[in-house]
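One structure is given below, encoded as structure tokens.
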Amino acid sequence: METIRILQVVTAMNRGGLETMLMNYYRQLKKGGIQFDFMVHRAEKGEYDEEIAALGGRRYVMPAIRPGGYRSYFAALRSFFEKHREYGIVHAHLNENSAFVLKAAKEAGITGLIAHSHMSDLEWDYKLPFRLYARAVLRSQPGLPMACSARAGDWLYGRDNKSRGTPMVLPNAVNLEEYTRDDRVRLAVRRELNAENRLVLGHVGRFCRQKNHDFLLRVFREVLAENKDALLLLAGDGPLRSGAMALAKRLGISGNVVFLGVRNDISRLLQGMDLFLMPSRYEGLPLALVEAQAAGLRCVVSDSITREADLTGNVVFIPLKAPLTEWSRQIGGMARERTDTRAALAAQGYDCGQQALRLEQLYKRLAAEGARLGSGLKPGGWHSELKEAVQKARF
């Protein structure tokens, strides 16, 4: 069986939702002759790099994408694709910035182009005009549009962009068996945290503005006013972690907040929680929320998260503009019984094994079409017949 190498384009392979989703699929697809290699945009070592190398994956480091550095970045992309002719499929996960990678890949004659949306909004900062420009460029490019949710697809490609076709929604699927309820694991986790008889709330996410940790800490202070023994677990790392720790201290709640750092045992930690909280400012369809529901947890989240994320009926949405006391009231009134949600998640496409088979079929179809038509393609060209094939390559 001939191996098909797919170039996955990301920022860095750390333990974020997108990266964990990719690794979930990678482990499954490796068995079917699909090999992932990774183009990253951070020189420092990623948390998944060792596993990628063990699976046979290659890692290529590109310059960071920054306004003012575009010319050198474009030159680096052209040089890369001139040297690496072995790739027939490029799967880009940079949201709007995928436009630049896919443009360079197309000019090099690569035919299997996939843009994958993982976000549903942009932050207002100095980069915004550049990012909006990149999104406009992406919308005009050929290739297969993919998204983690319908809302994420609408945001990146445009709701009525008929030239691109309806985006393919690839669920952020998980290995459901890893999240099966295990009371022994739950007891062990709670003993480690000295939380056997306490209300344990949890959150998994990078410490960045998007995840809204400051708001979460202020909500938790309101929870403590009603339940002084409550415990908040925060798994993850990021640039705003030290600020969140300082805020917890100023709010007088640091004794009830556990900063866990980056963990490789999220499914185990979820067993020890009673409720899951996610007050994000914006999301695509967060993997951490899928994992929490797979573990049978009830979840309280912001209304900035798409309603598509409620896969089990166990998710309550609250406006970020609502008073903190409203968040606290909802949390305090939530049932804590865990339910077996595996069948419901599998029925909606969130079983990684099932989705990996569908993704494998897509990759193999794109590879076959590229091999069939590639001999007639010139660098920079786009064969209308291939475009039709890509648009039809849907689950």
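Annotations for the structure displayed:
- Cβ-based charge dipole, the chain, positive-most Cα from T312, G252, F81: F81
- Highest-fluctuation residue, G370, G46, G284 considered, GNM on the chain with Cα pairs under 10 Å: G46
- Cα shape, region 319-360, gyration tensor, a/c 1.5 rule: oblate
- Pairwise label distance in nanometres, E192 with D214, each label 7 Å out on the Cα-Cβ vector: 3.2 nm
- From the coordinates of this entry, volume of the Cα convex hull per residue in Å³ is computed, and it appears in (1) 611; (2) 140; (3) 352 under the label (2).
- Over region 139-263, accessible surface divided per residue gives 47 Å², non-protein components excluded, 1.4 Å probe.
- Among 173-184, 51-62, 210-221, 286-297, sorting by the average number of other beta carbon atoms lying within 10 angstrom of each residue, highest first, gives 286-297, 210-221, 173-184, 51-62.
- Rolling a 1.4 Å probe across the protein heavy atoms gives region 1-102 an accessible surface of 43 Å² per residue.
- GNM flexibility winner over the chain from L132, L277, L22 (Cα, springs under 10 Å): L132
- Cut-off 11 Å between beta-carbons: net charge of the residues surrounding F317, Lys and Arg +1, Asp and Glu -1: -1
- Net charge in the neighbourhood of S72 (other residues with Cβ under 15 Å of its Cβ; Lys, Arg +1, Asp, Glu -1) is +3.
- Highest-MSF residue in the chain out of M273, M168, M334 [GNM, Cα springs under 10 Å]: M334
- Anisotropy class of region 1-113 from Cα gyration tensor, a/c 1.5 cut: oblate
- Charge dipole (debye, nearest 20) of the chain; +1 at Cβ of Lys and Arg, -1 at Cβ of Asp and Glu: 820 debye
- Peptides ranked, highest mean first, by Cβ atoms within 10 Å: ranges 148-156, 320-328, 223-231: 148-156, 223-231, 320-328
- Neighbourhood net charge (15 Å Cβ-Cβ; Lys/Arg +1, Asp/Glu -1) for G296: -2
- Spin-label model distance (nm) - K31 vs R307, 7 Å beyond Cα toward Cβ: 3.7 nm
- Computed accessible area, R186, all protein chains, 1.4 angstrom probe, square angstrom: 50 Å²
- Listed residues I266, S140, V223: farthest to the positive end of the dipole of the chain (Cβ charges): S140
The values are calculated or read from the model by the stated rules, or taken from the named source; none is laboratory data. Note that this is a predicted model, so its numbers are computed, not measured. As a convention, Cβ positions derive from the backbone with ideal geometry for all residues, glycine included, and neighbour counts pool all protein chains shown. Remember, those area values only see protein heavy atoms, side chains included, never the ligands or the DNA or RNA. Shrake-Rupley method; radii C 1.70, N 1.55, O 1.52, S 1.80 Å.
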